[in-house]
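Below: one structure, written as structure tokens.
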Amino acid sequence: MNEDKEKIISEAVEKALQGEMDAINNIEDRVTRSKAKAALVKAKRAKAVNDEDSIKEDDTSESKVEEKINFNQTVCQKISEKFPESIDAEQNDDWIQVKPENWLKIAKWLKSDEKLYFDSLQCNTGIDLGEGVLESRYNLHSMKHLHKVEIRIKISAEKPDIPSVEQVWRVADWFERETYDMFGINFIGHRDLRRILLPDDWEGWPLRKDYEEQETYHGIVVPKVKEGWE
Amino acid sequence: MGVVHGQEMVLNIGPQHPATHGVLRLQVKTDGEIISEITPYMGYLHRCFEKHCENVTYEQVIPFTDRCDYLASMTMNFGYVVAMEQLMEIKVNDRVEYIRVIMAELQRIASHLLGIGAFGLDLGAFTPFLHMLRDRERILDIFEMTCGARLLYNYMWVGGLSHDLPTGFVEATLNFLDYFEPKVDEFENLLGHNKIFVERTADIGTMPAEVAISYGVTGPNLRGSGVKWDLRKDDPYSIYDRFDFNVPVGKGMKGTVGDCWDRFYVRIQEIRESVKIVRQAIDQLPKDGDVHQAMPKKIRPPKGSIYRRTESPRGDLGYYIESDGSDTPYRLKMRSPAFTALSVLNEIGAGWLMSDVLGILGSLDIVLGEIDR
Amino acid sequence: MTVDFLFDFLSELFADLVGSGPVLIISMLIPCLMLFGFITIYALIVIYAELKISSFIQDKVGPMGQGVGLHAGKWGLLQPIADALKLLLKEDIIPSRADKPLFILAPFMIFIGAFISFVALPFGESIIIADLNIGLFYILGVGSIAVLSLILAGWSSNNKWSLYGGMRSAAQIVSYEIPAGLSLIVVIMLAGTLNMQDIIRYQAGGIFSWIFFDNPFVPIAFVVYFISAIAETNRTPFDLPESESELVAGFATEYSGMRYAFFFLSEYANMFVVSAVAAACFLGGWHSPISGFMDSPAWGVFWMISKTFFLIFIMIWLRWTLPRLRVDQLMNVCWKVFLPVALINIFGVAIWTVIFNQ
């Protein structure tokens with residue numbers, strides 16, 4: 001009996017690790033069910049200790065994660081070799097934190113270097129991290145080598161200046177205008193920095209966390225409290 | 001805009017105009033009929049999508065994504081759901097994956113039909129538009145059978161789908177595909193090989209590959225310029241690696257590589273490829289599986305961020321999601337493909353005649369809802 | 001014929017009462033009023049035909065309901081009347097910065113231009129309002145009044161889009177009159193006269209004595225004339241001046257209500273005129289295809305109108321099938337293709353006639 005129960009418990013735990021909680025919930029005997037749940041917690045803890053992805057157990061994803069980690073670190077190292085004092089934070093697995101001053105030169109180098117060849121800027125996101133810190137994040141991608149990297153630049157909300165990279169990747173022209181429109185980040189060297197989605201005479205930077213709508217816009221009252229709108 | 005010289009005239013196309021695919025204002029500087037500069041002004045349809053998303057839960061974001069590109073809602077949902085599932089490390093079962101692929105490919109066919117039809121309409125061909133809309137109605141009927149909505153579906157949820165397939169879905173879809181496949185040849189002949197259409201679109205609005213990549217143009221617009229880049233093959237998500245399909249690329253059949261005709265032709269070929277994919281998916285569709293199985297009770301992703309791209313009918317749709325561990329997103333940015341496609345209009349449109357510029361705008365197949373969000 | 005006939009008839013009755021001046025005026029007025037009535041009825045018919053034909057081509061249903069007897073049916077016959085009523089009842093808006101006298105004048109001028117060319121059209125053996133000696137030449141000449149009025153309309157609207165439309169259409173119509181005229185020279189050469197009724201009488205006999213079959217070069221002339229005629233009436237594929245998707249409504253953007261209706265009424269009237277000229281000159285006019293069969297004066301009206309309607313049907317068919325040509329391609333086709341072809345045609349016809357001595 002016990003062996004059967006052990007088998008049931010181990011099967012149920014296996015299934016639950018893949019996300020199917022029904023296997024455990026369907027066990028009728030209360031004692032067995034609670035034992036299965038305990039075993040599940042233990043198994044999850046064991047996996048977390050192992051420092052690996054919890055879903056895919058096959059080798060390709062492992063090596064991909066390792067490759068990605070290595071690649072990110074490699075790019076980080078290359079940047080800090082070529083442009084000393086440009087990296088803002090310690091080496092990271094997912095992104096590279098760069099200081100704003102040398103950004104234009106770094107961008108030009110990232111695009112033209114043969115081994116890296118990041119010839120397309122996929123997305124530029126602005127983000128308000130709270131406490132007066134803004135960040136601009138760039139997702140770069142290489143169509144030749146099929147690798148990608150994310151670069152983040154932190155600036156303060158009082159003086160949000162980042163060099164513009166619109167000469168390097170032409171797509172940054174409109175992306176930076178949108179980030180300027182929403183966050184107020186000033187891109188130095190941009191040839192035509194003006195609002196893109198909002199009207200030119202709108203006041204304020206909407207996507208900042210401390211944004212307050214203006215009272216009226218050309219005589220139209222901007223509603224603040226939305227009572228009864230549910 | 002700077003100084004306007006003696007002969008030049010500054011004209012506004014839009015915001016109310018039959019040919020601008022939405023509410024878009026193009027300010028053009030013209031010298032006689034030749035256009036020297038185009039400046040798009042957008043934002044008429046801005047609905048503060050990104051700010052809204054910071055105040056609603058992750059599930060409640062999905063109807064908002066529908067309304068961004070209202071002509072391809074399924075793929076909008078798909079992109080968001082793929083990004084979220086990668087962030088939360090959820091794996092869905094096969095049935096859900098296959099259904100998602102079927103829906104996304106049917107949506108791609110519907111969106112391309114409308115895009116090509118509107119392109120023909122801009123050039124004065126009134127009839128193909130109506131024929132294509134008639135066939136698109138059948139696809140919308142299939143969608144209505146599944147989830148009750150014709151245009152804005154809210155169908156793909158994080159971890160599953162909102163409804164399972166109804167009975168009769170497989171037959172209806174196969175009937176539609178059998179009816180539809182010869183029609184694609186008819187459309188190609190009626191519009192594509194028509195001498196007047198070819199004269200209006202070949203060698204017009206040529207977009208070289210480097211310009212396209214630099215301006216971030218993706219999707220059929222990029223493939224029309226000869227670059228073989230399709231996210232379903234080059235950066236696969238979901239189960240697209242199980243299907244056998246080609247990626248059509250513009251070859252300059254009627255003019256130079258990257259002209260309006262090539263972009264049109266790539267879309268027609270993509271319709272054929274999507275039909276193939278749907279047939280294969282229906283063949284391989286698993287009979288059982290619960291579509292609500294992997295849906296978490298409460299969506300609370302771990303702290304972190306992700307940027308994930310999927311292939312929408314207009315190009316690379318990217319979602320950048322930053323989560324702070326609560327149940328509302330901290331920052332959600334949607335990288336819309338039509339936004340970058342519109343930015344290249346000045347580059348490829350300047351120097352052509354007025355009628356050509358409207359043709360080029362039509363060949364880029366933009367949707368203002370996605371650009372303005 | 002008709003005016004002269006009426007004048008003689010009425011002056012017998014009334015000459016001693018009122019003098020021949022008023023009798024002349026009345027005998028001119030009555031046919032014109034009848035003609036105006038004819039044009040109105042024709043406009044209603046052709047609008048309905050266009051809606052129904054376009055819906056067959058586009059796989060739509062077209063106007064339905066409003067059937068005869070006003071119950072729902074498949075016919076929708078009251079649709080054109082409803083359209084006309086709607087246009088009559090619309091508010092008449094004149095933009096404040098528009099040039100008012102010219103703005104008001106333009107639709108009248110274009111309608112006058114279309115109307116007075118009806119006067120020389122032969123409807124039957126002796127049914128023609130004014131049997132001018134230079135009938136064909138008169139029709140071609142009077143049709144150019146349309147150009148002036150289109151430019152007036154575009155300019156006086158004080159709208160850059162209308163200006164574009166007006167300029168384009170002026171260029172287009174003026175250019176396409178040349179191949180049209182040159183193709184008609186072929187007809188004049190063969191028939192030997194400019195008089196419309198004489199041209200038709202020249203084609204007496206069955207179908208093979210029509211000018212169309214006279215000479216292998218004449219079909220080319222017919223095709224050139226027909227396509228130039230489509231260009232002159234601003235129909236697709238040459239409808240750039242009023243292209244919906246580009247210029248909203250081109251030169252007629254600022255017009256509303258009945259003024260707008262005048263523009264489009266005159267477009268349909270022009271279609272009738274050019275089709276009637278083509279039918280009369282190339283396709284035998286009021287002769288029937290089989291001589292002797294249905295060939296009396298009353299049947300003449302039937303043949304003339306059915307040939308004209310057949311050509312109008314082809315024009316409508318082309319509108320819904322083909323996309324639009326761009327301005328420079330339009331000009332290209334006219335000056336680089338049609339003009340040389342028409343000129344060479346004239347020589348071809350002349351040489352053929354001399355050789356075969358017909």
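Summary of computed values
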| item | result |
| --- | --- |
| Long-range neighbours under 7 Å by Cβ, at least six apart or interchain, first residue away from chain C (no Cβ under 12 Å) and more than 18 Å from B:PHE119 (Cβ to Cβ) within region B:176-192, second of a type in the set (Asp, Glu) and crowded, with 16+ Cβ neighbours inside 10 Å | B:PHE180/B:ASP135 |
| Qualifying residues in region B:273-283 (those that are charged (D, E, K, R) and touching a Phe, Trp or Tyr at 6+ places or on another chain (Cβ under 9 Å)) - the one surrounded by the most Cβ atoms within 10 Å (Cβ to Cβ) | B:GLU273 |
| Residue check for B:VAL266: at pLDDT 90 or above and out of contact with any strand residue (DSSP E or B) (no Cβ under 8 Å at 6 or more places or on another chain) | yes |
| Given (1) facing another protein chain (nearest Cβ under 10 Å); (2) at pLDDT below 90, number of the condition A:HIS190 does not satisfy | (1) |
| Residues located in region B:315-373, provided they are more than 13 Å from chain A (Cβ to nearest Cβ), over 22 Å from A:ARG170 (Cβ atoms) and touching a strand residue (DSSP E or B) at 6+ places or on another chain (Cβ under 7 Å) | B:LEU353, B:MET354 |
| Residue in region B:36-46 that is of a type in the set (Phe, Trp, Tyr), surrounded by fewer than 24 Cβ atoms within 10 Å (Cβ to Cβ) and assigned to a helix (DSSP H, G or I) present | no |
| Test: residue in region C:110-126 that is charged (D, E, K, R) and touching a Leu at 6+ places or on another chain (Cβ under 7 Å) | no |
| Unique match (being buried (at least 24 other Cβ atoms within 10 Å of the Cβ), closer than 18 Å to C:ALA231 by Cα and not charged (D, E, K, R)) among C:ALA170, C:ALA114 | C:ALA114 |
| Residues located in region B:209-223, provided they are out of contact with any strand residue (DSSP E or B) (no Cβ under 6 Å at 6 or more places or on another chain), modelled with pLDDT under 90 and part of a helix (DSSP H, G or I) | B:ALA209, B:GLU210, B:VAL211, B:ALA212, B:SER214 |
| Helices (runs of 4 or more DSSP H) contained in region B:86-192 and holding at least 3 residues over 20 Å from B:PRO313 (Cα atoms) and touching a helix residue (DSSP H, G or I) at 6+ places or on another chain (Cβ under 8 Å) | B:126-147, B:169-187 |
| B:THR206 within 14 Å of another protein chain (Cβ to nearest Cβ), crowded, with 19+ Cβ neighbours inside 10 Å, outside any helix (DSSP H, G or I) and among the hydroxyl-bearing types (Ser, Thr, Tyr) | no |
| Residues (charged (D, E, K, R) and within 11 Å of another protein chain (Cβ to nearest Cβ)) located in region C:32-60 | C:ASP59, C:LYS60 |
| Subset of region B:49-78 that is free of Cβ contacts under 8 Å to residues at least 40 places away in the same chain and either surrounded by fewer than 19 Cβ atoms within 10 Å (Cβ to Cβ) or assigned to a loop (DSSP other than H, G, I, E, B) (or both) - its residue that is nearest to the other protein chains (Cβ to nearest Cβ) | B:LYS51 |
| Residue list for region A:129-138, restricted to those being of a type outside the set (Phe, Trp, Tyr) and buried (at least 22 other Cβ atoms within 10 Å of the Cβ) | A:LEU134, A:SER136, A:ARG137 |
| Looking only at region B:224-236, and only at residues there that are assigned to a helix (DSSP H, G or I) and surrounded by fewer than 24 Cβ atoms within 10 Å (Cβ to Cβ), the one that is nearest to the other protein chains (Cβ to nearest Cβ) | B:ASP234 |
| The lone exception for A:ASP210 - which of (1) under 16 Å from B:GLY43 (Cβ atoms); (2) charged (D, E, K, R); (3) not in a helix (DSSP H, G or I) it fails | (1) |
| Subset of region C:312-358 [closer than 16 Å to C:ILE188 by Cα and surrounded by 14 or more Cβ atoms within 10 Å (Cβ to Cβ)] | C:ALA342, C:LEU343, C:ASN345, C:ILE346, C:GLY348, C:VAL349, C:ALA350, C:TRP352, C:THR353 |
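The values are calculated or read from the model by the stated rules, or taken from the named source; none is laboratory data. The structure displayed is predicted, hence computed values, not measured ones. Here Cβ is always computed from backbone atoms with ideal geometry, including for glycine, and neighbour counts include all displayed protein chains.
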